[in-house]
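Right, one structure below, let's go through it.
The values are calculated or read from the model by the stated rules, or taken from the named source; none is laboratory data. On a predicted model such as this, the values are computed, not experimentally measured, just so you know. Quick reminder, even Gly has a Cβ in these numbers, built from the backbone with ideal geometry, and neighbours come from all protein chains shown. Quick note on the areas: whole protein, heavy atoms, side chains included, nothing else; ligands and nucleic acids left out. Shrake-Rupley method; radii C 1.70, N 1.55, O 1.52, S 1.80 Å.
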Amino acid sequence: MPDKDTIFTEMLNQYEKLAFSICYKMTGNYFDAEDLTQETFLSIYKSLDSFDGNNPGGFVTKTAVNKCLDFLKRADRRAVPTEENILLGNVSSVPPPEEEVVQEETKRELMRACNTLKPPYNQVATDYYCNGMTAARIAEITGKKLKTVQTQIRRAKEMIRRKARKEGII
C-alpha cells in the first residue's frame, strides 16, 4: 500500500484543477480560488489518515466545497454589495452543472448521514433536512409536542455534525 505522501501527491496531481475550478466558480476570484485550493489540499493532507481511499474525486470535491462555503460565510459578513454584484446576482437562477453535481452529492451524503442515526432521530432528521418539513409539521404528523421535535432536530444535527467531523468531512 502506498504511503501517505504518495497518495497525497497522486491526489494533488489528478484533482488540483478540479479543486481550483470549484473554488473559482464559487468565489469568482482567481486569487481567492488559489488560496482556497491550497487550503483544500492542506486539509486533505491532514485528514489522509482517516480517508478510506474510496472516491478520491468526491473527497476532494467535498473538501473544496466546504472550504469555499466557510470562506464565503466569512466574506459575506464583510462584503458591501456593489451595483455590479447585484446585477450579476440577478443574471440567472439556474445553477451551473458543477453546482448541481455538488448539490446532489451533498443531498446523498445528508440522506446517508440521517439514515445512520438511531430512532427517533433518523426519521426526524430525514423529514426535516431531506424532505423539507417544518418542526411544526413533523409534530403534527407524529403527534409529538413541538418542543420535543425541535429538541430531536437539534440533537440529530449535532450527531450528524460529530459524525462528519469524525469522518473528516468538515
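Here the label points at GLU10 and GLU100, each 7 Å from Cα along the C-beta direction, are separated by 3.2 nm in the simple model. For region 1-44, carbon and sulfur atoms together expose 53% of the accessible surface, with a 1.4 angstrom probe and every protein chain in place.
Computed on the chain, with alpha-carbon pairs under 8 angstrom and 6+ residues apart, the relative contact order is 18 percent. With kT/(6 pi eta Rh) evaluated at 10 °C and eta = 1.306 mPa s, and Rh the Kirkwood radius from Cα pairs, region 1-76 diffuses with a coefficient of 128 µm²/s according to Stokes-Einstein.
Dividing the helix sum by the residues of the chain, where each DSSP H run of 4 or more adds -39500 (n - 2.57), gives a mean residue ellipticity at 222 nm of -24000 deg cm²/dmol.
Scaling the Cα radius of gyration of the chain by the globular reference 2.2 N^0.38 Å produces a ratio of 1.21. Between the beta carbons of ASN54 and LYS145, assuming R0 = 45 Å, the FRET efficiency works out to 0.60 to the nearest 0.05.
Quick check on region 117-170: take the gyration tensor over C-alpha atoms, sort the square-rooted eigenvalues as a ≥ b ≥ c, and tell me if it's rounded (a/c under 1.5), prolate or oblate. Verdict is prolate for region 117-170. Helix 30-46 and the longest principal axis of the C-alpha atoms of the chain enclose an angle of approximately 70°.
3J(HN,Hα) couplings calculated from phi for region 118-133 with the Karplus curve 6.51 cos²θ - 1.76 cosθ + 1.60 (θ = phi - 60°) are, in sequence order, 7, x, x, 5, 4, 6, 4, 5, 4, 4, 6, 7, 9, 9, x, 7 Hz; Gly and Pro show x. Excluding ligands, DNA and RNA, the accessible surface per residue across the chain is 69 Å² with a 1.4 Å probe.
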